[in-house]
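The values are calculated or read from the model by the stated rules, or taken from the named source; none is laboratory data. Quantities reported herein were computed from a predicted structural model and do not represent experimental measurements. Here Cβ is always computed from backbone atoms with ideal geometry, including for glycine, and neighbour counts include all displayed protein chains. With ligands, DNA and RNA removed, areas are computed over all heavy atoms of the protein, side chains included. Shrake-Rupley method; radii C 1.70, N 1.55, O 1.52, S 1.80 Å.
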Amino acid sequence: MSIFKHENMIMDMTISSKTKLYKDDKLVFIGDGYKAISMMINNSKNQQPVKEKFHNQLTMREKPKFSKNDDIETLRKQALDEQARNQENKKKSKKRY
């Protein structure tokens, strides 16, 4: 991407894997672009220009797939059961030689 300046912050997105966020000419963050955008929005007095500039990145973020009826503990148990079944199937397929 490029470099975006807003208020006293600069976001350097020239390297796609390492976004850098500077505030008052001091490096405050290196890492995920979405996290840097969120930090810039949270630290801005006027958030609207930042939200408009990065609208696509903010709306592309996938929402959690949990519904109101899902219980975290139930989902965890289902995942563990499925993992155990997969391991059993792998053991059975190895013994066929």
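Whole percent per 10 Å bin, from 0 to the bin with the longest distance: what is P(r) over all C-alpha pairs of the chain?
13, 30, 15, 17, 16, 7, 1
If each residue of separation counts as 0.36 nm, what is the full-extension length gain between Ser17 and Gln57 once their alpha-carbon separation is subtracted?
Extending this stretch completely gives an extra 12.9 nm.
In the chain, what percent of the accessible surface is made up of carbon and sulfur (1.4 Å probe, ligands and nucleic acids excluded)?
Working: 4010 of 8190 Å².
Carbon and sulfur atoms account for 49 percent of the accessible area of the chain.
Considering only protein heavy atoms, with the full assembly of protein chains and a 1.4 angstrom probe, order Ile37, Ile15 by accessible area, largest first. Intermediate values should be presented prior to the final figure.
Details: Ile37 0, Ile15 85 Å².
Largest to smallest exposure gives the sequence Ile15, Ile37.
Leaving out ligands and nucleic acids, note down the accessible area per residue over the chain with a 1.4 angstrom probe, in whole Å². List each step's numbers first, then the result.
Working: 8190 Å² over 97 residues.
Ligands and nucleic acids excluded, the figure is 84 Å² per residue.
Can you give the FRET efficiency for Gln83 and Phe29, using 1/(1 + (r/R0)^6), R0 = 41 Å, r = Cβ-Cβ distance, to the nearest 0.05? Could the numbers behind the result be given before it?
Values: r = 35 Å, r/R0 = 0.85.
With a Förster radius of 41 Å, E is 0.70.
Can you list the aspartates and glutamates whose alpha carbon is less than 14 Å from that of Lys20, not counting same-chain residues fewer than 8 positions off?
Here the aspartates and glutamates satisfying the reach criterion relative to Lys20 are Asp12, Asp32.
Nearest 10 degrees, 0 to 90: what angle lies between the long axis of helix 33-42 and the longest principal axis of the chain (Cα atoms)?
Between helix and principal axis, roughly 50 degrees.
Tell me the label-point distance for the pair Ser2, Asn43, using the 7 Å Cα-to-Cβ offset, in nm and rounded to one decimal.
It works out to 2.2 nm between the two label points.
For the chain, find the longest principal axis of its Cα atoms and tell me its angle to the long axis of helix 72-94, 0 to 90°, nearest 10.
On a 0 to 90 degree scale, this one is about 50.
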